[in-house]
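The values are calculated or read from the model by the stated rules, or taken from the named source; none is laboratory data. This structure is a prediction, so every number in the text was calculated from the model and none was measured. Cβ placement follows ideal geometry from the backbone for every residue including glycine, while neighbour counts extend to all protein chains displayed.
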Amino acid sequence: MNVSAEPALALRPLRPEDNAAIAGVIRAVSAEHGLTADKGYTVADPDLDTLFQIYSQPGHAYWIVELDNKVVGGGGIAPLKCSEPGICELQKMYFLPTARGKGMAKKLALQAMDHARRQGFTRCYLETTAFLTEAIRLYEHLGFEHIDQPLGCTGHVDCEVRMLKQL
């Protein structure tokens, strides 16, 4: 019997040539879930098409998930804007359906938090929306706790779920 293995997902740092592909993933997943620009979701971020340049700054990092050399997801970490020092934000975690349910979101989030610790961050913040229940379960499993008030100035006004984790 010839059983072929399922193609492996790979996790690697963002490269300049990934800008268009990861922006496409974020736009596709946003459309799939009704996360529209007019409501202030990530798809409205002015830097969406230049993520490599944004995440090349000190304290920032972004990783790509690939399947058969095609970008199928990603996520990153950056200092939380307009907040006290020591708080980073887990950002732009988006995965196409082909990359979901395979443990890559957990792996990426853990790698991002390890990076944040090495950068001197002591807490990690994130925002999401209530109907992304699988993502919320993952964040809870990783030790994020729900908080009532938003931190920083993310601009994501419709992200009503806010979570924080001690690093």
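Worth a mention:
- Checking each residue in region 128-138 for being crowded, with 17+ Cβ neighbours inside 10 Å and in contact with an Asp or Glu (Cβ under 8 Å, 6 or more places away or on another chain) picks out only Thr129.
- The residue that is nearest to Gln166 (Cα to Cα), among those in region 94-125 that are among the aliphatic types (A, V, I, L, M) and within 13 Å of the chain's Cα centre (by Cα), is Met113.
- Ala109 vs. criteria under 20 Å from Cys159 (Cβ atoms) and in contact with a helix residue (DSSP H, G or I) (Cβ under 8 Å, 6 or more places away or on another chain): yes
- Taking the criterion of being in contact (Cβ under 8 Å) with a residue 60 or more places away in the chain and over 18 Å from Pro85 (Cα atoms), the residues of region 119-158 that qualify are Thr129, Phe131, Leu132, Gly155, His156, Val157, Asp158.
- When region 103-118 is filtered for residues that are surrounded by fewer than 17 Cβ atoms within 10 Å (Cβ to Cβ) and in contact (Cβ under 8 Å) with a residue 40 or more places away in the chain, the ones remaining, listed by number, are Lys107, Gln111, Arg117.
- Counted residues, region 33-53 - those being at pLDDT below 90, charged (D, E, K, R) and either touching a Phe, Trp or Tyr at 6+ places or on another chain (Cβ under 9 Å) or more than 24 Å from Met113 (Cβ to Cβ) (or both): 2
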